[in-house]
Structures are given as C-alpha cells and as structure tokens.
Amino acid sequence: MHGISMIQYKSAEAIEKVRRSCLIVSDALTRVAELLKPGVSGIEIDSAAEEVIRDHGAIPGFKGYNGFPSTLCVSVNEAVVHGIPSQDVFEDGDIVSVDCGSLFDGYYGDAAYTFAIGDVEKEVMQLLEVTKTSLYRAIDQAIEGQRLGDIGYAVQSFCERDYPYSVVRELVGHGIGEKLHEAPEVPNYGKRGRGIKLKEGLVIAIEPMVNLGRKHVAQAKDGWTIRTKDRKASAHYEHSVAVGKLKADILSDHSGIEEAIKNNANLKEISLKN
Ligand code: MG
Ligand code: MG
C-alpha cells in the first residue's frame, strides 16, 4: 500500500494544514465517543462521523480510498484494523477500534482510538492501557536526531518485553500529508539507532496495533477486515505527529474523546501505565 518513495518534508504551513485536518478527525471521534453504547451499530457511528467531517467542509479521508466503502474503520474485538462498519450492534464487553481520516484544504488527518464498552475483561483492559501507553512512548521518540527504529523499538520493547503481548508486523504507521499514506513506513517494531534519522518537517502517523495473543493476522472474507489468527483481542491507537526539535508536536487530539468517555457511562476510561 505504501511502496518506496521520497519523504515529503513539510513546511510549517503544511504542518498546520495537517493539524487542521487532524482536529476534524478528533471532532468526529469525539462524536463517536458520545454515541457508543451497547445496541448502537457501526453504521450509526459511521454516519455521525461523516456528518461531523462534512459539517467542517472536509471530506472523509477513507471513503473511496482503494475502494474502502466507509468514513470509519470499525474493528471489534479480534479485528485489528480495516473493519467495515455494519448493522451489527456493539455489545457490553466489546472493544472497538475506530479509525478515522479526513481531507481538508489538500491535507489528510488520521487518528484512531480503541474504546471499551461496558464490562470489558480485566486482561483486555490491560491490553488497551499498554497499547495506548506504547503510542505515547513512541511519540516521545519523534524528535530530531532520533531514528525511525527508535519509534518501533519503543512500542515493541514495552508491549513484548515489559508485557506478554504481540505487535502486528504486517501493518505499519506512515507518513501523512497531501497523501493519506506517504513514505516512510513506521513499523511498531525495530531496533534502537536503526533506520532514517528523524528531522523537523517529517510528519508521521504512529499507530501501534497490539495483540493480546500471538502476532499473526489474516484478512477476513470481506476483503478488508484484518483479524488475529488466534481470535484473541487486538488494540489500536493512533496520532499524527510532526517531528520536533525537542518535543514531538501531536497534531491530532484525543482530549475531546477522553472527556466524552468520562461523560459516557457506557464506556470505560483507558488509563496510562507507568
Ligand atoms: Mg488511521
Ligand atoms: Mg494511519
């Protein structure tokens, strides 16, 4: 899906355009967080997210991308990513990864959040907490002078060494800008000090996909949904970030989502691990 191409380093102006698009995605995901509860379907949250995006004068970034039919990727429980929203309703105990993209003023935004509906098993809650924490550990590496491998290492070492989980190998983060998927690929595994040197102007979507059980995944018969082979749960969190001199600049924003989760009695908060 990504191929080999040149990295497009971005001007401050272009970075602001990616931020603008990312904040529209954040608004759409906040709306999702307000609506999610047992009995609601993927189609319902998809329509609501599309409405938020279009109200901003933006276009859903995923709809029509390589033929994908929807605004959101909705991936439940053992589904890792790329699930197609359906009439199936969410149930108490489900975890739901919701991934959203938008295109505004020529630039894409991309972010994702995995929600916990109702009484989610304790071991699955820990998977969500660890995966979300691994995203912020990876973002801490998105500073000038670090290397791409440091980002993957941050995710992998935390999830696979400090915890007994498995990082998905086949799916990776990516550069983002005038295209949804740009160079470079941003794996969630890697070695410290390896890969390209990060520098200002690099804008990437970092998106750990982490399995409770084994790392292996397969595509479902619908031609889109990626699920774990062992059918155990998988979690996914994503931010689009600009590499900074001293600190990464997180262009998407999960604070609205988290506020909405707090106010939604049907959802469980996902806390960070130390
Ligand atoms: Mg995404
Ligand atoms: Mg992405």
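The values are calculated or read from the model by the stated rules, or taken from the named source; none is laboratory data. Predicted model only: the values in this text are computed from it and were never measured. Note that each Cβ is placed from the backbone with ideal geometry, even for glycine, and that neighbours are counted across all protein chains shown.
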Options K63, K122, K17: the member that is among the charged types (D, E, K, R) and over 30 Å from K229 (Cβ atoms): K17
Unmet requirement for V74, which otherwise passes all of (1) without any contact (Cβ under 8 Å) to a residue 60 or more places away in the chain; (2) not in a strand (DSSP E or B): (2)
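Only residues that are in a loop (DSSP other than H, G, I, E, B) and buried (at least 21 other Cβ atoms within 10 Å of the Cβ): list them for segment 188-211, please.
Taking segment 188-211 and keeping what is in a loop (DSSP other than H, G, I, E, B), we get 188-196, 198-202, 207-208.
Across segment 188-211, the qualifying residues are N188, G190, L198, L202, E207, P208.
If we keep just the residues of segment 152-182 that are within 16 Å of ligand 1 (Cβ to nearest atom) and among the charged types (D, E, K, R), which is surrounded by the most Cβ atoms within 10 Å (Cβ to Cβ)?
In the first step, residues of segment 152-182 are kept if they are within 16 Å of ligand 1 (Cβ to nearest atom); the result is 155, 168, 170-177, 179-182.
Narrowing further to those that are among the charged types (D, E, K, R): 170, 179, 182.
On the way: E170: 13, K179: 15, E182: 22.
Looking at residues that are within 16 Å of ligand 1 (Cβ to nearest atom) and among the charged types (D, E, K, R), I get E182.
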Residue identified as modelled with pLDDT of 95 or more, more than 29 Å from G244 (Cβ to Cβ) and surrounded by fewer than 15 Cβ atoms within 10 Å (Cβ to Cβ) among V74, V80, V40, V89: V89
Segment 170-187: number of residues that are touching a residue at least 40 places away in the same chain (Cβ under 8 Å), within 25 Å of N274 (Cα to Cα) and in a loop (DSSP other than H, G, I, E, B): 1
Unmet requirement for A112, which otherwise passes all of (1) closer than 25 Å to K273 by Cα; (2) in contact with a Lys or Arg (Cβ under 9 Å, 6 or more places away or on another chain); (3) within 14 Å of ligand 1 (Cβ to nearest atom): (2)
Cβ pairs under 7 Å, 6+ apart, first in segment 99-121 and at positive phi, second at pLDDT 95 or above and charged (D, E, K, R): D105/K17; D105/R20; G106/K17; G106/E178; G118/D92
Test: residue in segment 218-240 that is surrounded by fewer than 15 Cβ atoms within 10 Å (Cβ to Cβ) and farther than 30 Å from G118 by Cβ: yes
Answer from V89, V98 - the residue that is hydrophobic (A, V, I, L, M, F, W, C) and within 16 Å of ligand 2 (Cβ to nearest atom): V98
Test: residue in segment 102-118 that is buried (at least 18 other Cβ atoms within 10 Å of the Cβ), within 16 Å of ligand 2 (Cβ to nearest atom) and part of a helix (DSSP H, G or I): no
Residue satisfying all of: in segment 245-274; in a loop (DSSP other than H, G, I, E, B) and polar (S, T, N, Q); surrounded by the fewest Cβ atoms within 10 Å (Cβ to Cβ) among these: N274
Count - residues of segment 225-253 that are closer than 17 Å to N77 by Cβ and away from ligand 1 (no atom under 14 Å from the Cβ): 9
